[in-house]
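Peer 1: Before we start, here is the structure in question, set down as structure tokens.
The values are calculated or read from the model by the stated rules, or taken from the named source; none is laboratory data. Fair warning: this is a prediction, and the values are worked out from it, not measured in the lab. Neighbour counts are summed over all protein chains in view; Cβ atoms, including those assigned to glycine, are modelled from backbone coordinates with ideal geometry. For the accessible areas, the whole protein counts, side chains as well, though only heavy atoms, and no ligand, DNA or RNA atoms are used. Shrake-Rupley method; radii C 1.70, N 1.55, O 1.52, S 1.80 Å.
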Amino acid sequence: MKLRIILMVLSLLAFLSATAGGYLYYSSLKESAFKEAERQAVARLEMIKVNLSSLLSEHKKSAGTLAGIKEISQHLVIPSNNTLISVNSILDHFKASLDVEVCYILDENGNTIASSNRNDEDSFVGINFSFRPYFKQAISNNPATYLALGVTSKRRGAYYSYPVYGKKSNLPVGLVVIKASIQLIEEEISLSPDEIVLVTDPHGIIFISNRKEWLYNSIWKLSADEKEDVIISRQFGEGPWLWNGLSLIDDKSAEDSSGKKYLMRSLDIDNFSGWKLVYLRDLSAISKIVSDPLLRITGPIVLALTILIGVSVFFLYGKATEEILLRRSVENALRESEERYRSLYNNTPAMLHSVDPDGRLVSVSEHWLDVMGYERGEVIGRMITDFYSEESRKLAREVVIPEFFRKGYYRDVQYRFVKKNGEEMDILLSAIADRDSEGIIKRSLSVSIDITERKRAEEALKIAKEELSRYSKELEMQVRKRTREITSIFKYTPAVVYMKDKDRRCMLVNSRYEELFGVRNEEIRGKTDYEILPEDTADCFRTSDLRVLETKQDCQFTENIRHEDGIHTYLSVKFPTYDETGAASGICAILTDITALKKAQDQLKRLSGSIITNQENERHAIARELHDELGQVLTALRMDSVWMYERLKESDKKAAQRALSMCDLVDKNIQDVRNMAIRLRPGVLDDLGLVDALEWYTSDFERRTGITCIFEHYNIPGISESIATASYRITQEALTNVARHAGASKVDVILRFESGILMLFVSDNGKGFSISALGESEGLGVAGMRERAGLVGGVLRVQSAMEKGATILFSVPVDEQSRSL
């Protein structure tokens, strides 16, 4: 009986002890589960942020690649059905390859001119999207990524826009857009049933969510002004953007309209200003992580103790053993969760470290070790200040560390780390505190960003400013010196110099002007040319002066002015002068007497024309002789070689082989003679005209040199032999210079006729040269090309810069007399 009572008492005590222990254990597990859930929420949110950022930036480079395709640029500049077919094919290929919703092209006004969904009911073609921010940014030379609801398709998407540039323009002629489905991004984010992830815009509109009923709702109540902003943006359709009922309890939790509570964390999304990633987890689900297993195990125990109160202590001991095993199972689960956290911590590509309250390192990430050059065993337990420079060590001890343990965080402090190899690096460090349940700081969680290159750029900028200041002082001294020199030149130069205001009234003339026209500077100030000079001279000055004032550019003229000894020819250089606001305030002219030079040039031009004509005739004659005489002899020799081969191939194979070799050699000589004749004077130029001659020569040039040569021609009429010959020879010399000196991989030859002017362009993508040094490079054939251009009444201009290629432009008027049928 006593044993029974003792067992009952022991059983009761065991039951009460187990109940109390179970409650305490449940409370401990619940608290531990909530803390672990908070840590997991932070890690989970960071991981989701990284994945989301990666998904949202997935097609940036693809948009840039699409924008760089030549056919798209050509269609935007010169639309045509042929280019539209090519562009549509390219858009279809990119849509299929990237597995995106649609690819389309907008012109510079925002109109859709081509789209991969052109045949669908929700086609974009013809619709204007100039109101979209991704259009405004890209047309301003800034590629953009934009999240919005499609205006036509009513489907969510991430829009990637990239500017498209013309062939020789730095301004966009349109843009390409790739739209990726947000649904695909949502499917990439795997979540458990009790987790909610939201992506909200700066106004709190939910754009991405695994709870479909919350889409396009606002996470917080919107004011009237905020609703108006959303309506104007047209980013999320037509509304009404209802509040989903979520409200904050504190900075870590929230409650919805049904009373359900959530653990809440949020982060800003990189490269999307104001957009946030919000993570919610049902608190009741977190509680169930502990309560459900506990109830499943302790429920039968409580029932058994209630029915069988007299069960032996041994039975209670067995149940206690089961409880211990359960605890170990939970601890193992927590340990696995901690391992996942550590793996995320160590494998993140950022410099992360933690220190204890004594300033000693307790953990560092793998990236931190890689950058610093240490092994983990070499740094754990050491003072973090051991890795600082002396100056940074002092700053940390005296300012940063005390302030951190007072506030619990520190942002954007600049340190200098010293690597294992002694190299120093500048970093920007931010840290937050990890506290225990009593609010005492246990350790810090720090992120360091390498800003060494930024610091170097700042130092370089400082040095540049100092150099600029010194240069400004030197420039002032040079200006004063040059002013004295210019004053002397103005006074003693043999050229005629005058300055006028914008009404063409004289302000200043030099001594040579006074001498030639018999006036004094003081007498003519404020007067017009008609009050000073003969009418024909005043008319001449008026025409050229007005052109300079209208174009606001420096111009060069040849002006004939009557003097006592006859008419003199002057080379006039005139340019506008500007006031301090940058507005044209007048004109300055420098006239140089080139009468004698002009006569000599005319004589030289006639002589050069005769020489070049005779040279062309001689080339023609030599080419004809090579083709008709030597070509026929070689042909006959080849026929004899073939005859010898046929006669000897059976009786003397060695001699037959020798005859066959002679035949091959004769064939080569025939081809060389033909090529020499064509280069001396291509028959196609005489027989078919300039266009066919240039078509043949550019093809031959590409075959001989391996340089890509593209020839284009537009609206070319029949022209005279002299102009055709000059155009052909200029092209020949320009391409020869490209092959010898440019180091180019591509050259464009364009021939066009507009408004009575024949224009020839030869442009390459080679290394170019300095225009200022052109006088030293006459050996490149520029002088000869200019001479040929001048002899037919044309002009040759050269445009080039170092590493920018070179362009030769030949233009010549073609009137009715200069045309040939």
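Peer 1: Sorted by packing (mean other beta-carbon atoms within 10 Å per residue), highest first, where do 404-417, 573-586 land? Before the final figure, lay out the partial values.
Peer 2: Numbers: 404-417: 14.9, 573-586: 13.4.
The most tightly packed comes first, giving 404-417, 573-586.
Peer 1: Just the number, please: carbon plus sulfur as a percent of the accessible area of the stretch 459-502, 1.4 Å probe, no ligands or DNA/RNA counted.
Peer 2: Carbon and sulfur together cover 62 percent of it.
Peer 1: Distance between the C-alpha centers of the stretch 136-171 and the stretch 495-566? Whole Å please.
Peer 2: 55
Peer 1: Starting from the amide H of A148, placed 1.01 Å from N in the peptide plane, find each other amide H under 5 Å away whose residue is 5 or more places distant or on another chain.
Peer 2: Under 5 Å from the amide H of A148 lie the amide H atoms of G157, Y159, each far enough along the sequence or on another chain.
Peer 1: Determine the per residue accessible area of the stretch 452-499 with all protein chains present and a 1.4 angstrom probe, expressed in square angstrom. Display every interim value, and only then the final one.
Peer 2: On the way: 4140 Å² over 48 residues.
Result: 86 Å² per residue.
Peer 1: Taking θ = phi - 60°, what integer Hz values does the Karplus form 6.51 cos²θ - 1.76 cosθ + 1.60 yield along the stretch 751-765, in sequence order, with x for Gly and Pro?
Peer 2: 10, 9, 10, 9, 6, x, 10, 8, 10, 10, 10, 10, 10, 10, 10
Peer 1: So what's the net charge close to K276: Lys and Arg +1, Asp and Glu -1, counting the other residues with Cβ under 9 Å from its Cβ? Intermediate values should be presented prior to the final figure.
Peer 2: Details: positive: none; negative: D201, D268.
My count for the surroundings of K276 gives -2.
Peer 1: Ok, one more. Once the other residues with Cβ under 12 Å from the Cβ of E476 are scored (Lys, Arg +1; Asp, Glu -1), what is the net sum? Could the numbers behind the result be given before it?
Peer 2: Numbers: positive: R470, K473, R480, K481, R482; negative: E474.
Surrounding charge for E476 is +4.
Peer 1: Would you tally the net charge around I730, using a Cβ to Cβ cut-off of less than 11 Å, leaving I730 out, and scoring K and R as +1, D and E as -1?
Peer 2: Charge balance in the 11 Å sphere: +1.
Peer 1: Using DSSP to define loop residues, name the chymotrypsin sites (Phe, Trp or Tyr not before Pro) in the stretch 76-154 whose beta-carbon has at most 16 other beta-carbon atoms within 10 Å.
Peer 2: F131
Peer 1: For G166, which sequence-distant residues (separation of 5 or more, or a different chain) have an amide H within less than 5 Å of its own amide H, given hydrogens modelled in the peptide plane?
Peer 2: For G166, whose amide H was placed from the backbone, the distant partners under 5 Å are L171, V173.
Peer 1: Per residue of the stretch 804-810, what does 6.51 cos²θ - 1.76 cosθ + 1.60 with θ = phi - 60° give for ³J(HN,Hα)? Whole Hz please, x for Gly and Pro, Karplus curve as stated.
Peer 2: Result, ordered by residue: 10, x, 9, 9, 9, 10, 10 Hz.
Peer 1: Applying the Karplus parametrisation 6.51 cos²θ - 1.76 cosθ + 1.60 with θ = phi - 60° to the phi angles of the stretch 584-595, what ³J(HN,Hα) value in whole Hz is obtained for each residue in order, glycine and proline being reported as x?
Peer 2: Coupling constants for the stretch 584-595: 5, 10, x, 9, 10, 10, 10, 10, 10, 6, 10, 4 Hz.
Peer 1: Which far-off residues, 5 or more places away or on another chain, put their amide H under 5 Å from the one on N510, with H placed in the peptide plane?
Peer 2: Here V497 satisfy the definition.
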